[in-house]
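Here, each number is a calculation from the coordinates, and none is a lab measurement. Keep in mind the model is a prediction, meaning the values are calculated, not measured. For neighbour counting, all protein chains shown are included, and Cβ atoms are generated from backbone atoms with ideal geometry for every residue, glycine included.
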Amino acid sequence: MAAGQRLEFYEKGDFFRLMAATAPLNVEFYLNGAEVTEAVSVGAGYAERFINGNFDRIAITSATAQTIQVATRLGNEVSYDTPPNGQVTVTNVNGPFTNTQVTVTSGSTQIDAASTARRYLMIQNNDVLGDIYVRLDGVAATLTTGIKIPAGGYYEVTGFVPNGAITAIGSIASNANVLIVEG
């Protein structure tokens, strides 16, 4: 197939396998003219079985020129003994953590700068009286729009961790007992 070319196949099926491809491509599945699902940037070895339905059209698009092989079936699954290939990037394996003591006041302020390297975040409110309210999107925090971390409480984020600036506002004039741990 040519670079940027869109190939369409009109065949009813409930199983699809990309048997050979040298570069990632996109596959769209349709039923009765409506898109059912889309697989983006998949490579050789990718397979999809439609357990509760099927498709009647497949559209394949590749950004680069390449030769591909696909298999579709209705009611049968195809075995293919070549494992998928490609690059895998593993992140968040390990790394340094930082502990930062910050002061949260009754006016919204940035308590942590944006960081694309952030993979873990915990904000602990060690104050015995004051609650804090945190925003993870860089927008000014308010007592009604922030995530409430009560006195003595904490908020932990793992998995999908925000990388933008973090702002906070407190229910008391000054709370110097807020700890940010990130890694």
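A few notes on this one:
- Only alpha carbons enter this Debye calculation for segment 6-73, each as an equal point scatterer, and the log10 of I(q)/I(0) it gives at q = 0.11 Å⁻¹ is -0.22.
- Neighbour counts of other Cβ atoms within 10 Å put 156, 48, 182 in the fewest-to-most order 156, 48, 182.
- Inter-part distance where segment 92-126 and segment 141-157 are each reduced to a Cα centre, Å: 13 Å
- Packing here is the average count of other Cβ atoms within 10 Å per residue, and on that basis the peptides 35-44, 168-177, highest first, run 168-177, 35-44.
- Taken over segment 103-183, the convex hull of the Cα atoms encloses 71 Å³ per residue.
- Simple spin-label estimate for residue 160 and residue 71 gives 3.4 nm between the two label positions (7 Å along the Cα-to-Cβ direction from each Cα).
- About the Cα centre, charge dipole magnitude for the chain (Lys/Arg +1, Asp/Glu -1 at Cβ), debye: 160 debye
- Value in Å of the Kirkwood radius, where the chain supplies the Cα pairs that are averaged: 20.2 Å
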